[in-house]
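Chemist: The structure follows.
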Amino acid sequence: MRRILLKDASAGMSLAADAINAQQMLLLKKGTALTEKSLQMLKSWGVETVCIAQSETEDIETVSPADNSAAIQEELLSQFADTVENPIMAEICRVAADIVHERTHSA
Amino acid sequence: MLNPKLKAMIRRIDDLPTLPRTVFRITEMINNPRSSARDLAQVITDDQVLTARLLRLVNSSFYGFPQRITTITRAIVLLGFDAIRHLLLTTSVFDIFSDRKSELQVAREKLWDHSLGCAVAAKVIGKQIRHDKIEELFVCALLHDIGKIVSMVYAQEDYAAVTRLAAEKNILLFEAEAALLEYTHADIGRLLAERWNLPNMVADVIVYHHTPDQAGPYAKEAAVVHLADIFCRALQLGSGGDHRMPALDTAAWDLLQLDETDIAPMLAEVESGFNDISPFTDAIVTAATA
């Protein structure tokens, strides 16, 4: 299985993993064959990469998925963005980051 | 401020599940101090689906009663009026979230988690400020994003465009809606609340959860849900379809008269409260689908 950029995917390829967007919405299930229409749909839902079976993508560049716990911290910071200028929001961000960190590590 | 597009959408939602009449009758009844467990049981047993589901729930492992409960009266005596109403409302609202027509099941589950997380947070905040209607706060928060479900199911293209814009610009779904559509999930929520005859407090909180300063007589309740929404997003409980944190409305914060040192214990309580309620949600899913 290889993760490739959506723009490199084409109709006829089948998904080797569920296609989800940044909000973790499940858009297409693993095993679905891509069509022009579904490629357009994935694009409109903000999907940037998809997983395709190895054999179908030999000449296409592989990309790595972005996740894990450093990404969660970064995510939380980008989510709060300029709201942390407020001291109450800064406190909420600080405490929540600790709780989320603990949750992901005990899981 | 009914724009034609919004009106057209509302016309299409005739088949949206409604809160069963029974739920309102039960709410009225529980508010009446003269109602007995038997009166309440009478109303519930008039609704066969609700009766079956309630019995399945109270016999689920979440409650873990040693003996099988076979009558509604017994369930009411064991759990109490408030717990029963809470249970009925939560299962009814869950039905609205679990409409099987839409393929966006994961998005709906995340929105359900977000709503449930907010409901737990609203209760925690309500307790902290010694609000006298904590159960109502739970319901307000559970329903605050109900307008999003409608867009998700009945205006999929609009909803896709809005979530895309929100992600691209890192803005709130609420702001993306205002920019693209001339209506927001709060407007849809207002129409649903009217249609369902929800109490004024619930309707106003749905409408003003992003703008609590405009909520008039229910400014405090809107402030609670506004803060609950922020808590929930900070703790990453579910997702409301966007990633951006709403700015804290400082007037709302002042109205609640909370202290900065209250934040850490409240957030910890939301986290554990949400974990505690998860088996309850699983029980609801089982009861609804069995």
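Chemist: Calculate for chain B the 222 nm mean residue ellipticity that helices alone would give, adding -39,500 (n - 2.57) per DSSP H run of length 4 or more and normalising by residue count, nearest 500 deg cm²/dmol.
Modeler: -21500 deg cm²/dmol
Chemist: Using r as the Cβ-Cβ distance of B:ARG130 and A:ARG3, and R0 as 51 Å, what FRET efficiency do you calculate, to the nearest 0.05?
Modeler: That pair, B:ARG130 with A:ARG3, gives E of 0.50.
Chemist: Additional query: Rounded to the nearest 0.05, what FRET efficiency is calculated for B:GLU168 and B:THR286 with R0 set to 45 Å and r the Cβ-Cβ distance?
Modeler: Between B:GLU168 and B:THR286 the formula returns 0.70.
Chemist: With a point put 7 Å past each Cα toward its Cβ, work out how far B:ASN31 is from B:ARG195 in nm, to one decimal.
Modeler: So the two model labels end up 2.3 nm from each other.
Chemist: Points 7 angstrom from Cα along the Cβ direction at B:ASP39 and B:ALA247: gap in nanometres?
Modeler: 4.9 nm
Chemist: Work out the mean other chain Cβ neighbour count within 10 Å for the residues of A:85-96 and drop it here as an integer.
Modeler: What the average comes to for A:85-96 is 6.
Chemist: Further question: Take the alpha-carbon positions of chain B, form their convex hull, and give its projected area averaged over all directions (one quarter of the hull surface) in nm².
Modeler: 15.2 nm²
Chemist: Listed here are the pairs B:LYS7/B:LYS220; B:LYS127/B:LYS169; B:LYS5/B:LYS148; B:LYS123/B:LYS169; which of them are more than 25 Å apart at the Cα?
Modeler: B:LYS7/B:LYS220; B:LYS127/B:LYS169; B:LYS123/B:LYS169
Chemist: Moving on to the next point. Which of B:VAL43, B:VAL150, B:VAL106 ends up with the largest GNM mean-square fluctuation for chain B, with Cα atoms connected below 10 Å?
Modeler: Highest fluctuation of the listed residues: B:VAL106.
No value in this document is a laboratory result; all are computed from the given coordinates. As the structure is a computational prediction, the values presented were derived from the model and not from experiment. In this analysis, Cβ positions are derived from the backbone assuming ideal geometry, glycine residues included, and neighbour counts consider all displayed protein chains.
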